[in-house]
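Report on the structure given below.
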Amino acid sequence: MKKNLYTYFAIACLACLTIVSSCKKTEEITTIDTDTVLESAQGDETITDTFSDLFLITSQDVSLFDVPVTNSTGIATDATTSSSWLIPNTTCRTVTVNPTGNVFPKTVTIDYGTGCDDGGKLKKGKIIAVFSGRFKQSGTTINISFDNFYINGDKIEGTKSMVNNGPNTAGNYSFTVTVNHTRIRRTTSGTSNTSTLTAVKTITWIENSNTSPTDDEFSMSGSLSATDSKGRTYSYTTLEPLVKKVACLYISSGKLSINITGKPQLTLDYGTGTCDNKATLSANGKTKEITLRK
């Protein structure tokens, strides 16, 4: 009799474990997990947006952008002329460069004032970047900070530094980017939640147009560790470099392996190059399409 009871008990336990395991598999990609991933994607968009903004601004100012060359008279002159790089000016932001001329360091201030629509994102406040040299010059360091700066109502704080590593073996310029960001989100109830991230990235200039910088593309790889607005910790590594087109609002391709503490490993796939706000999240064979936030 005891033997039978033990047998029944073992079968019951096995059944319970099977049910629990089955339920866990159906809940692997939860709404909370998705929110964490979307916050992470927003963080990456902020990193690439700031890089693209500085690239576009410096490309319009030869004193900031290209490396001077020595002409036949021995006088250093600019390697490019600004007329071949000009892009339409935006009324959304005011850019000041101080000091002018071939003097470094230079401070570039991007001022969005009290708020305006900048390429589909509502921005206000200032981004301040201090250049030790020209954008394309190997060894140049750009230190970036924020002054009462907001994106879509979220306050961005912290620092970012970019170091120009010069051309790689393929001839493409690469930059080491170190990021320490805090994003303060306002909720519908009027309270605020804070998320933080620390990252070291390599951004590589992979498509260099000779007609307009808006045709250019950059890739980004590296790792990140962060805490989301709900206090959950997570990290990720790059499986395939993320690609950001200057003319596109969103990252258009690349893959990340995301680890949320205490949760199954997730893979975020941005696609194969289409400029849209869609990405795919997967875990243990299950997939879910997500809509990226601005």
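The values are calculated or read from the model by the stated rules, or taken from the named source; none is laboratory data. Given the structure is predicted, the values throughout are model-derived calculations rather than measurements. Cβ coordinates were reconstructed from backbone atoms using ideal geometry, including for glycine residues, and neighbour counts include every protein chain displayed.
Brief remarks follow.
- Residue, nearest to Asp216 (Cα to Cα), within region 166-187, restricted to residues that are among the small types (Gly, Ala, Ser) and either touching a Pro at 6+ places or on another chain (Cβ under 8 Å) or in a strand (DSSP E or B) (or both): Ser174
- Residues within region 98-138 that are more than 18 Å from Leu56 (Cα to Cα), touching a strand residue (DSSP E or B) at 6+ places or on another chain (Cβ under 6 Å) and surrounded by fewer than 15 Cβ atoms within 10 Å (Cβ to Cβ), tallied: 4
- Scanning region 265-277 for residues that are surrounded by 15 or more Cβ atoms within 10 Å (Cβ to Cβ) and more than 23 Å from Asp118 (Cβ to Cβ) turns up Leu266, Thr267, Leu268, Asp269, Gly271.
- Of the residues making up region 276-294, those that are in a loop (DSSP other than H, G, I, E, B) and either modelled with pLDDT of 90 or more or among the charged types (D, E, K, R) (or both) are Asp276, Asn277, Leu292, Arg293, Lys294.
- Within region 97-126, being part of a strand (DSSP E or B), modelled with pLDDT of 90 or more and not aliphatic (A, V, I, L, M) holds for Asn98, Lys106, Thr107, Thr109, Asp111, Lys123, Lys124, Gly125, Lys126.
- Selection from region 245-275 of residues that are in contact with a helix residue (DSSP H, G or I) (Cβ under 9 Å, 6 or more places away or on another chain), assigned to a strand (DSSP E or B) and more than 18 Å from Lys201 (Cβ to Cβ): Ile260, Leu266
- The listed residue being in contact (Cβ under 8 Å) with a residue 60 or more places away in the chain, part of a strand (DSSP E or B) and closer than 30 Å to Asp66 by Cβ, out of Leu242, Leu224: Leu242
- Tally of residues being in contact with a His (Cβ under 9 Å, 6 or more places away or on another chain) and surrounded by fewer than 19 Cβ atoms within 10 Å (Cβ to Cβ) across region 139-192: 3
- In region 170-178 there is no residue matching the filter, namely being β-branched (Val, Ile, Thr) and within 26 Å of Ile29 (Cα to Cα).
- Which listed residue is out of contact with any Ser or Thr (no Cβ under 6 Å at 6 or more places or on another chain), over 21 Å from Pro241 (Cα atoms) and free of Cβ contacts under 8 Å to residues at least 24 places away in the same chain, from Gly115, Gly190: Gly190
- The number of residues in region 278-294 being surrounded by 13 or more Cβ atoms within 10 Å (Cβ to Cβ) and touching a residue at least 60 places away in the same chain (Cβ under 8 Å) comes to 10.
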